[in-house]
1. Could you tally the net charge around B:His612, taking each other residue with its Cβ under 14 Å from the Cβ of B:His612, Lys/Arg +1 and Asp/Glu -1?
2. What residues of the range B:529-572 lose no less than 40 Å² of accessible area with every protein chain in place versus their chain by itself (probe 1.4 Å, heavy atoms only)?
3. Give me the net charge for the shell around B:Gln856: Cβ to Cβ below 9 angstrom, other residues only, Lys and Arg +1, Asp and Glu -1.
4. Estimate the FRET efficiency between A:Asn117 and A:Glu386 by the formula 1/(1 + (r/R0)^6), using the beta-carbon distance for r and 51 Å for R0, to the nearest 0.05.
5. So, counting K/R as plus one and D/E as minus one, what does the shell of residues with Cβ under 11 Å around B:Arg659 add up to?
6. List the residues whose amide H sits under 5 Å from the amide H of B:Ile73, counting only those 5 or more places along or on another chain, with H placed 1.01 Å from N in the peptide plane.
7. Starting from the Cα-Cα distance between B:Ile113 and B:Ala559, subtract it from 0.36 nm times their residue separation and give me the gain in nm to one decimal.
8. Any idea what diffusion coefficient the range B:629-739 gets from Stokes-Einstein, in µm²/s, Kirkwood Rh on alpha carbon pairs, 20 °C, 1.002 mPa s?
Amino acid sequence: MKYFNIILLAISSILLNGCMDFDKPEEIKDLRILGVKVEPPEILTSFTHYSNRLDIEGVPVLNFFEESSAQVEVIAFDPREGDIKLTTQMCPTSNGRVCEEFDYGDLLADFEPQPENQEGLEAFFAPRIFQIKRPVIDDQLGEIPDLSFELFFDRHVIDTIYDTTQDGLTLEPVDYLDVLLQSYANLSLRIENNTQEEVTSELARKLIPIAVDTDNFLLRSILETQLDGAQSVINLVFPNGQFCDVPTDRSTIEEGETTCLYPRVQNQNPQLIGFEQLEEEDDPREKSFEEKNEQPVFQAETATLPRTASIEAARGETIILRPVFADGAIENYQTFTFDPNTNQLSIVNRFEDFAASLYVSGGSPESDLMAPQFDGNLDFTWLLREDAEPGDTESLVVVVRDQRGGLDYGRITVTYTDEVISE
Amino acid sequence: MHFIPLLSCVLLIFQALAVRADIDQQHIRAPEEEQAPPQITKAPELIETVPVTYPPDAYEVGLESRVVLLVTISATGDVSEAVIKESGGEEFDRAALEAIKQFKFSPAEIDGIPGPVQIEYVQNFTLQQETETVKTESELIEEDQFEQAVEQAVGRNQGPINLVGVIRAQASKAPIDAVEVSIEIAPKNATQNDLSEWINSAGQKIEPERYIVKTDEKGRFLFRGLPIGTHQVSYAASGYETSYSLENVSEGERTEVTIFLKPRRANLYQTTVRARKAKKEVAKISLTREEVRKVPGTFGDPIRVIENLPGLARAPFAGGALIVRGANPQNTGVYYDGVFIPLLYHFGGLKSVINPEFLEDISFYPGGFGAYYGLATAGIVDVKSRDLKDDSYHGFTDISLLDSGFFFSGPIELKNKKQLNFGFAARRSYIDALIPPVLEATGAEGVIASPIYWDYQAKLQYQASKRTNLSAFIFGSSDDLSVIAPTGANEISLGVKTTFHRFVLKSNHDLGDGWTLFNQPYYGTNQLGFSANSNIGISGTLDSTSSTWGYRAELRKKASDNFELAYGIDYLGSTLGFGFSFPFTNEFGEFPRVFPRLTGENLSFSSDGIVHAPAFYTEAIISPAKWLKIVPGLRFQWIQLHLDASTNVDGIETPETNRSYWNIDPRFTVRADITSNTTLKGAFGIYRQPAQGFELLPQTGNPDLDQYRAWQYIMGFEHQLSRYLSLDVQLYYINRDNEVAQNNDFVSEPDGTQDLVNFDNSRKSPTIGGELLLRHDISKYFYGWVAYTLSRSTEKLVDEAAPRVTNFDQTHILTIVAQGNLPKNWNIGGRFRYVTGSPFTFPAGGINNLDTTDFQATFLPVNSQRLINFHQLDIRVERTITYDTFSITPYLDLLNVYNRANAEQSQNDFRFRQRGFIQSLPIIPNFGIQGAF
């Protein structure tokens, strides 16, 4: 009976939740970071990079991980005036959730031998500071522009992220899993707005996935013929698993459990190309969960409204919008499931199921996009304010995420007409 | 056995023919010219008796007899001669003759003229068990003992009985003894003036005749020889309002009356005025049903009054979690008639699972309890069911906003003239009907909540003999809560169900010579279920079903006033049935999702097993001096746990588990009366409790866990400050050194696999504190208490450098309870509480996780902050309207009178910037009405 009261307390909390008059997550009233778009959203590394680190006899030391770069864009808003200061920093995830206490000097001291390209490491891990003065805001959401920078990944950066700063370190099987499955570089951000009244700040983090390029031509032979340890790991974690060639037509890959481990294909950001404004009969609120789940994410060559669009609408009107993505935006990928009853991993083929977040300057957006297990389309409604003045504008930002760190976003701005619709 | 003259059969047999012959021969010399035989126109009537002495020797050996006498009654009614017609034995004959010669009869009349007659009189000598004295009221009225007892009072003791009555209390109908019944005989030819004085025709004041008797223990009285007419009778008794009646006495008739006296309010608490000083224990506090029924803020539920006693921390919301001296609620044992029950309150504290009317008293041990109890390391709450011994039917009903229930009890007359008492009660809530409009009003649209609870009790009690008492008791409870909440397009439903039943047999035997024995076998079932379902195929269930049985027996010998010894058996057995099936976040290598994908099979397993927990205990009460009492005790506890081997849905086997524990725990209490009103006291004990089921299961816990253990040290004193005022002070230190803690380390199994430890016994959690109870016992107008607890409960995990306060630490707990009786049967009570805010861990801020779109808290040190201090005033007002055979009591329970915004739980906005608190209940009026007969 120990948890009987806890269960009841939880149920009580569910019932009582929402009674507080807190800020709403979907409303942009002050400083907000809505996302970080990284292009490309994941970094692929060569498996031979790790073979070098493993120092296994007979394995050629082929340290040919080329430098890879990624463009980082911070999507931030604050409808208030003030001086914006953004500080970003990279660090290994072993440092914790954020990088503010990460000391690059300590990291450098750990290297044995010292890395050749210390400037590159410092450039990667040193804090970056952006300062923007915004005396006047003419945007309801107060989008903060020019928060972009580029990251360069070299072998030492990758070593650091894997926390293997010493050559010859033997990786344990659990480390193989980290390498084989996925690892992350940690990006932390602190943004501040010094208005005349107050200083507000927000601390955020984003993981940049680093995955093994399993399509590397050496991988197969190494795993299959020479790297017994790695092969044993494969056998251990994926009973009956095997390496397969990627089908010519990737769309033929069926979702679900499989024994084939395909070469990894680099993830791409969702390609939001615009929106379609729907009629009343397409109101997703009037459809059952099953009906909505049966309609896939909408992909097309073009969209009626661009990613950043302006429309007119009556006050109090509910507008219905459908995000439109480029053909092929939905990618297939592989992941691994753990069966707790057998304590075994399995390989699973999946198709991306996008999730979206809606943020507004006013009005009430409503969608099922945050619902768990939702594989359907991303249609949503936006109930506009009745108390606005004709000519006023209202904005909505849609941030779409795939399941591997990819992100895209769009914006709809509404100009209120004279008409008023009361529900 | 003893001689009961009252039950001796007295027969007056008038043998008309024989009498006439005697008259012819001995007494009446009829004129020779008169040929017609004389006629008895009025038979003699026994108007005065004396006790008949049972021959002592015959009494000792249990000899009974019957004597038939021929009694000659003179013209004046005196016994002029008595001779033995049928002997019952020499001693019996002599006793009968001695008594009968002192009898007085009303003269017989022959042809209208008083004259001598002879009758045949039978005197029975019988021995009878006192406990078999079960007669109707009218029978008892006739019996000599009652007459004699009544006539010992100042009263009219001649003439036929012509006014009898019974006096009972209003509503409860309990007979009242020692009521002074005064009858005023109206003087002839007199009238009453404005001052109700009797005056004659000349205006002179005349004192009327007054006769006074007192009722016996059954509330009975009688008058004999009252003149014909209407007389004023008054009835006066301590604790009751004096009542009057006019009774008409008619020629040749007996007037029978039943009078109901209205209790004065103060007297309602008669049963609560009881000795507070614990005789044996150091920390036991007992409360009776009447005592606790009217305490405000308890939703009319008397069991919740224990929350107001020292040693118990305040539970969040209206919850009834028993946080005893800083311990986890699970470490306090809850018993109903000595039988363990899984929970005490419906829905975690709304109302107790025991109908208040089925409650005799509550014993609360915040610590230092004796060897009788085991399997608990903190405190004990033992609720005693109602002792059913009334000789009339009683009922009670309570209708309130939350639920309605009833209680009914009464006697059943058996063929053997013995009495079987029964009682049953039931209650059901209807909050399920009230919640929807509340949710709608609070904006929780679409949410459907359906909480239902019910409970029942039924008991049979049989006094087999003066020394043997038997009872059978069945009771049970159910809580069923389902919540359906829409979340976007989804619909999530949650359900919690808890049900238990118990069937208890009990016998108490007085074996004589100071030996007593009780036996108590019992059987029951428990069911706990939790389910969560959504309309998108995700579901989970957790259920636990078990049967439980046990046996308690205790043999106690009171050798002398200085020494008493008890041996006891306390066996508890239970099956274990545990099922678990919940989704598992089971994808790796996938980027963190907004919501983790839940696919594939649930993590599922089940576990069945059995537990045997026999215990043997012994306890002595030793008084080497009149002022000193030492109570040493030992409890030997053995626990055998067996879990069956199991195979989960994927064929993975979990081997069987066998684990046993045994321990001998000492308990020791000492009390020393250093003055006539001051007692020093102290206690020490070791207490253990096995880990919870899920903590021991191989799949979720650690079968190698040891038992929870607590070392309790208590010292203090009691002081009687005045007739009503007493003070009880205790200091305590409790060292809990074997608490279960979560452990996420892996250990290598023999087969090379890694296994999660889950739990270990590394947590230490001591509590130190002091408690004060200043108590005003019930007086005519007031009673109440002040309870204050100062304590600190800390815990230390093995990987933490310093201890921290526990979730249950409340530094100051002050409770003031006061009740007063007002005129017109009004009663008002108040409860004020002041409690230090509970510790909590509040986020210092949040980190916006841009991948999962939620904010993750950055926490300050655990329990480093406290909620605001709690204080609240509750008031209860009621008025009892009493009728002769029933009473009704409308009441208003007003919670949180000044609407204090107390905090129960911290809450924050999505970014952890804005802070708020879920508030405790606002001002809430709870109306209700109780009825009793």
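The values are calculated or read from the model by the stated rules, or taken from the named source; none is laboratory data. A quick note: this is a predicted structure, and the numbers were derived from the prediction, not measured. All Cβ positions, glycine included, derive from the backbone under ideal geometry; neighbour counts span all protein chains shown. Surface areas here come from the heavy atoms of the whole protein model, side chains and all, with no ligands, DNA or RNA. Shrake-Rupley method; radii C 1.70, N 1.55, O 1.52, S 1.80 Å.
1. 0
2. B:Ile536
3. +1
4. Efficiency, from the Cβ-Cβ distance: 0.25.
5. -3
6. B:Ser80, B:Val117, B:Gln118, B:Ile119
7. Full extension from B:Ile113 to B:Ala559 adds 153.7 nm.
8. This corresponds to a translational diffusion coefficient of 123 µm²/s.
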